[in-house]
């Protein structure tokens, strides 16, 4: 829901809220087709948004759609980003959401029967770099790039290469779509991106919304099995408390705190608060109250969710495995409970 963190009374008393009210949190969404990423919705009034969508018609649609949304600032650039300024080809595929600066892998299409990745055309364009935009065209607005989201169908590594200065000097959080095998020709995979960002002081924290792939020849109604991991969103933070002890400014710590809250890394957010401004027991109590009120999950809702899925399974026993699997899919990225050894 929009601005739920912004509206939290405990959050409004933090220096994070005060600082970001004066100068907005700088979020960059590279690959904004379909809408700005909802990750920032809980604090959209504190957030300056810069989206990138090279398709001019889609850019204009995104600018019109923002009507009624509450961002501190909102812009959409009709530019394609890469590792350098150059002439490039964009490959147009059967599903426009799969269009890419890299040609699709015919091996992937044939092996996994993915017709939506079949090329239907191409067009030429000119690329630029995020560093050029932020450190030349937008040099007077140093908040841009504190949090970067990338989803560009295979060209994410190239864009990160063209954003090295931004990543080194401004950025504290990155969420990037990564693949574990090539769906586009010559694309870099998760391991390449993790090493690149690690060398710039970022720590990998986790995956979100994992998508799996198989040939789908074995049915899921009566078989419990496994599929190959295809892609997911990987989350990285510039963590000042790990063994590398990367140095970041006070402003960046505030941006990092907000990023951790938005991603649901509440224990990390509490650690940032403890080591940044919440030095007394009373201040720490207020931070915990904020986290618990903002992220409250009523145990009764969990009971009702289980009862609802059980009801579905009993009403449709043939698909019981599928109903149960979808139930667990929704919670797959949440807390790990193995550390709770005895609950009675």
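Here are the numbers for this structure:
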read-out	value
Flag if residue 124 is surrounded by fewer than 17 Cβ atoms within 10 Å (Cβ to Cβ) and part of a helix (DSSP H, G or I)	no
Check on residue 233, farther than 30 Å from residue 319 by Cβ and either modelled with pLDDT of 95 or more or not assigned by TED's automatic domain parsing to the domain that holds residue 26 (or both)	no
Options 329, 336; residue that is within 21 Å of the chain's Cα centre (by Cα), part of a helix (DSSP H, G or I) and free of Cβ contacts under 8 Å to residues at least 12 places away in the same chain	329
From the options 288, 324, 262, residue that is free of Cβ contacts under 8 Å to residues at least 40 places away in the same chain, closer than 20 Å to residue 3 by Cα and assigned to a helix (DSSP H, G or I)	288
Selection from region 208-229 of residues that are over 26 Å from residue 172 (Cα atoms) and assigned to a strand (DSSP E or B)	212, 213, 228, 229
Every residue from region 167-194 that is within 15 Å of residue 135 (Cβ to Cβ) and surrounded by fewer than 23 Cβ atoms within 10 Å (Cβ to Cβ)	168, 169
Verdict on residue 139 being out of contact with any strand residue (DSSP E or B) (no Cβ under 7 Å at 6 or more places or on another chain), on the phi < 0 side of the Ramachandran plot and either in the same structural domain as residue 25 (by TED's automatic domain parsing) or in a loop (DSSP other than H, G, I, E, B) (or both)	yes
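The values are calculated or read from the model by the stated rules, or taken from the named source; none is laboratory data. Every value quoted in this text rests on a predicted model; they were computed, and no experiment measured them. All Cβ positions, glycine included, derive from the backbone under ideal geometry; neighbour counts span all protein chains shown.
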